[in-house]
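See structure below.
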Amino acid sequence: SPHGDQDITTWTLAANTDKLLVLDGQFKSYLGGAHGDYSSGSLYWDKQRKRKIQFEDIFISRESFQHALQSQFCAALDAQRLEKRSGDTVRKEYMECLPLMAGITTIPSSSQHGRSIDQIFFRLDPYMAGPFGEGEYLITLKVTPALLEAIKPIWRSEFTLGQ
């Protein structure tokens, strides 16, 4: 191709609390063909221990996280699908809700770029929740009392209820 192969990586600050730094990553590559490849990820940095940690290090368990937010997530996903599709029919798997954590980029973030995490941002890359033409799905849910309970005590002070 006249443009050659291209890789673009973008990191954006999602949260910067006393103990935790969270970055939102977007990765785009084009190797020719009909369209590029898009993916996303996140990076969690424990500022006190000076090391990268995983999502699982913050929450008591995947199950407790899912229990706290799954139904709100499904409702938000259904609402976005309805908006994007306007009556178009799609394959059955693009009608079902996805279990949280199933390859979904999960980003604790601060709505006002404050020192406290008050929302969880989810990015579903193209093809995860719908056909490529629908693009990515972006869902933001507020931190709830149930979610606070799902956070390990050592990290709880970094979170606050969403307004």
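The values are calculated or read from the model by the stated rules, or taken from the named source; none is laboratory data. This is a predicted model, so every value here is computed, not measured. Cβ atoms come from the backbone with ideal geometry, glycine included; neighbour counts cover every protein chain shown. SASA here: full protein model, heavy atoms, side chains in, ligands and nucleic acids out. Shrake-Rupley method; radii C 1.70, N 1.55, O 1.52, S 1.80 Å.
A few remarks follow.
- Evaluation of E93 against (1) over 26 Å from V143 (Cβ atoms); (2) of a type outside the set (S, T, N, Q); (3) open to solvent by less than 60 Å² (accessible area, probe 1.4 Å) (one fails), failing number: (3)
- Residue within the range 2-17 that is under 20 Å from the mean Cα position of the chain (by Cα), at pLDDT 90 or above and outside any strand (DSSP E or B) present: yes
- Number of the condition not met by I139 [criteria: (1) open to solvent by 40 Å² or more (accessible area, probe 1.4 Å); (2) at pLDDT 90 or above; (3) not acidic (D, E)]: (1)
- For the range 95-117, a residue qualifies if it is over 17 Å from Q70 (Cα atoms), touching a Lys or Arg at 6+ places or on another chain (Cβ under 9 Å) and not polar (S, T, N, Q), but none of them does.
- Restricting the first member to the range 125-136 and to residues that are touching a residue at least 60 places away in the same chain (Cβ under 8 Å), and the second to residues that are in a helix (DSSP H, G or I), the beta-carbon pairs closer than 6 Å and six or more apart or on different chains are P126/F132.
- Count - residues of the range 142-163 that are assigned to a helix (DSSP H, G or I) and surrounded by fewer than 15 Cβ atoms within 10 Å (Cβ to Cβ): 7
- Near pairs, Cβ below 6 angstrom, 6+ apart or cross-chain, from the range 56-72 (in contact (Cβ under 8 Å) with a residue 12 or more places away in the chain) to any residue that is among the small types (G, A, S) and part of a helix (DSSP H, G or I): F59/A150; I60/A150; S64/A150; F65/A150; A68/A146; A68/A150
- Residue within the range 48-66 that is open to solvent by 50 Å² or more (accessible area, probe 1.4 Å), in a strand (DSSP E or B) and either touching a Lys or Arg at 6+ places or on another chain (Cβ under 6 Å) or within 25 Å of T10 (Cα to Cα) (or both) present: yes
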